[in-house]
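A short write-up of the structure that comes next.
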Amino acid sequence: MAARFQPINRDAPMLLPPDMRDWVPEDDLVHFVIEAVERLPLKSFKVNNRGTGSAQMHPHMMLALLIYCYANGIFSSRKIERATHRDIGVRYITGDNHPDHDTICTFRRENFAAITEGFVDLLELAKSLGLLKLGQVSTDGTHIKASAAMDQNISYHRAQTLRKQLTLDIKELLEKAEQADEIGEDPQALPKEISRLEKLKAKMDKACAELEQRAEKRREEAQKAYDAKVAARQKKAKEGKPVTGSDPKPPKSAKEFAEQSKETMNLTDPDSRVMRKSARSAYTQSLNCQISVDADGSGLIVGEHTTQSAGDVNELESAIKVIPKSLGQPTRVLADAGYLNGKAISSVEAMGIEVYCSANQEDAHDVRKYDYRPPKEGGKKAREFKDPRLLAMREKIATAEGKAIYKQRARTVEPVFGTIKEAIGFRGFMLRGLEKMSGEWALITHAFNIKRLHTLMREPNPS
């Protein structure tokens, strides 16, 4: 018997349904996004209140469009514009309107405050529904790539060298332009080249100024440390105690810091930084994105922020402080060894929050029974501490109860990063500049929360 196939007639006229909801399932995420966004007052958005010009796209629709697209892995403003024609869910959100990519990008850039307000409002909704009970949170960070290439980085020394060379080249071209004008030749080609070199020199000037500013901050920090050491030695001398060791050396000048530093600035996005996850990882042009996740069942992101620091060692306090006050205060925070900082731990515990931070002791004894890797000479040694706060943390984590509590960290915060990077597909920023990248990170975490809360509300017995 011959195979039978459904007929395909692409020339047949297709009638759209009288109601677009016939094509969008009742339990689709799109309905929840629209309802969540419409809770925000219009005053939260930047709009043209004068009423001049063409009619504006409704801000509720635009924010719902952004959130729904980000939740479904569509980040580019041009791809979002195309989705308004091709995607049924997106078309339903826009009501068959088609904002262009420039309108989408401008709205995204100008309404980070509304996005942040929506982030908080959604968490308050989850709390009112009993789905979020802020008690135990897990904190972690990840590097998200910036919209800038690694080969656009330049050091202070190289920027100065190029600036000097560009100054000479521009001077030489100006002299040639004057000579060409005197003998009546067409000098049009020279001004174009002069303009190109002047723009490049302006970039070098900006790079030098930025790196000098960073060097000045390091000098100020070094000066504070120097003053503290001198004051401590003077105090010992006044009390008649022996002052041992050589006198502390005063810090170098900002210019010396800049010239001797290996730090670079990216010409495309000066706010991004060169980072790497570990000694075994490659360097990337990135930003460090932090989240705090509810570890008591909901898996919602309750706090987020971004930092230019490659490491997490100074981010524990910030991770707690960005959690909205309206949600209350967590009772416990779980963090990996990257956050191990005695001062930060003490500050968080002073807020009445219990801290469980890995001190690597539990990892040192956690040897695989059938390890395929060749053994290292001397074995894996635990880190040595003198700070009593860190020693106490190591003892707490090493107990059976401490291990059981700390184990919850990996299975609560790590899956969130996995979902954002793998399921949603967000691995790099579309925008440039620290403020804009921070806003975009708030947008992607808000999109994650909307997807997560939508799933929780559909579960028969959410916990």
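The values are calculated or read from the model by the stated rules, or taken from the named source; none is laboratory data. Only a predicted model underlies this, so the values are computations on that prediction, with no experimental measurement involved. Because the Cβ atoms are built from the backbone with ideal geometry, glycine has one as well, and the counts that use them run over all protein chains shown. What goes into the accessible areas is simple: the full protein's heavy atoms, side chains included, and nothing from ligands, DNA or RNA. Shrake-Rupley method; radii C 1.70, N 1.55, O 1.52, S 1.80 Å.
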Failed criterion for residue 134 (all others in (1) open to solvent by 50 Å² or more (accessible area, probe 1.4 Å); (2) in contact (Cβ under 8 Å) with a residue 40 or more places away in the chain hold): (1)
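Of all residues in the range 138-150, which are assigned to a strand (DSSP E or B) and in contact with a helix residue (DSSP H, G or I) (Cβ under 8 Å, 6 or more places away or on another chain)?
Taking the range 138-150 and keeping what is assigned to a strand (DSSP E or B), we get 138-145.
Hits for the range 138-150 are 138, 139, 140, 141, 142, 144.
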Qualifying residues in the range 245-255 (those that are in a loop (DSSP other than H, G, I, E, B) and in contact with a Lys or Arg (Cβ under 9 Å, 6 or more places away or on another chain)) - the one most open to solvent (accessible area, probe 1.4 Å): 247
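In this structure, does residue 295 turn out to be under 30 Å from residue 436 (Cα atoms), at pLDDT below 90 and buried (at least 16 other Cβ atoms within 10 Å of the Cβ)?
Values: under 30 Å from residue 436 (Cα atoms): yes; at pLDDT below 90: no; buried (at least 16 other Cβ atoms within 10 Å of the Cβ): yes.
Here the answer is no, as residue 295 does not meet what is asked.
Return the residues of the range 298-353 that are outside any loop (DSSP other than H, G, I, E, B), more than 30 Å from residue 457 (Cβ to Cβ) and not small (Gly, Ala, Ser); say none if nothing qualifies. First the steps, then the outcome.
So in the range 298-353, the residues outside any loop (DSSP other than H, G, I, E, B) come out as 301-307, 316-321, 325-327, 332-335, 337-339, 342-350.
So of that shortlist, the ones also more than 30 Å from residue 457 (Cβ to Cβ) come out as 307, 316-318, 337-339, 342-350.
307, 316, 317, 339, 343, 345, 348, 349, listed by residue number.
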Residue 143 being in contact with a strand residue (DSSP E or B) (Cβ under 9 Å, 6 or more places away or on another chain) and either within 27 Å of residue 427 (Cβ to Cβ) or surrounded by fewer than 21 Cβ atoms within 10 Å (Cβ to Cβ) (or both): yes
Any chance residue 93 is among the β-branched types (Val, Ile, Thr) and buried (at least 18 other Cβ atoms within 10 Å of the Cβ): yes
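Considering each of 370, 283 in turn, give the residue that is free of Cβ contacts under 8 Å to residues at least 12 places away in the same chain and open to solvent by 10 Å² or more (accessible area, probe 1.4 Å). Reasoning before the result, please.
Values: 283 fails: free of Cβ contacts under 8 Å to residues at least 12 places away in the same chain.
Step by step, each of 370, 283 is checked, and only 370 is free of Cβ contacts under 8 Å to residues at least 12 places away in the same chain and open to solvent by 10 Å² or more (accessible area, probe 1.4 Å).
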Restricting the range 25-50 to residues that are open to solvent by less than 60 Å² (accessible area, probe 1.4 Å) and not hydrophobic (A, V, I, L, M, F, W, C), the residue that is modelled with the lowest pLDDT: 48
Residue match in the range 258-276 (condition: over 30 Å from residue 445 (Cα atoms) and touching an Asp or Glu at 6+ places or on another chain (Cβ under 7 Å)): yes
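Are any residues in the range 273-297 part of a strand (DSSP E or B), within 19 Å of residue 428 (Cα to Cα) and not polar (S, T, N, Q), and if so, which ones?
Within the range 273-297, the first condition is being part of a strand (DSSP E or B), and the residues that meet it are 273-275, 284-294.
Now drop any that are not within 19 Å of residue 428 (Cα to Cα), which leaves 273-275, 284-291.
Listed by number, the residues that qualify are 273, 274, 275, 287, 289, 291.
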Looking only at the range 146-165, and only at residues there that are among the hydrophobic types (A, V, I, L, M, F, W, C) and either open to solvent by 50 Å² or more (accessible area, probe 1.4 Å) or within 17 Å of residue 325 (Cα to Cα) (or both), the one that is farthest from the chain's Cα centre (by Cα): 162
Tally, over the range 30-67, of residues that are part of a loop (DSSP other than H, G, I, E, B) and either touching a helix residue (DSSP H, G or I) at 6+ places or on another chain (Cβ under 7 Å) or closer than 20 Å to residue 87 by Cα (or both): 8
Residue satisfying all of: in the range 396-435; open to solvent by 60 Å² or more (accessible area, probe 1.4 Å) and in contact with a helix residue (DSSP H, G or I) (Cβ under 8 Å, 6 or more places away or on another chain); farthest from residue 134 (Cα to Cα) among these: 430
Which numbered condition residue 168 fails, given (1) open to solvent by 30 Å² or more (accessible area, probe 1.4 Å); (2) in contact (Cβ under 8 Å) with a residue 24 or more places away in the chain: (2)
Answer residue from the range 451-463, given it is part of a helix (DSSP H, G or I) and in contact with a helix residue (DSSP H, G or I) (Cβ under 6 Å, 6 or more places away or on another chain) and is nearest to residue 69 (Cα to Cα) among those: 451
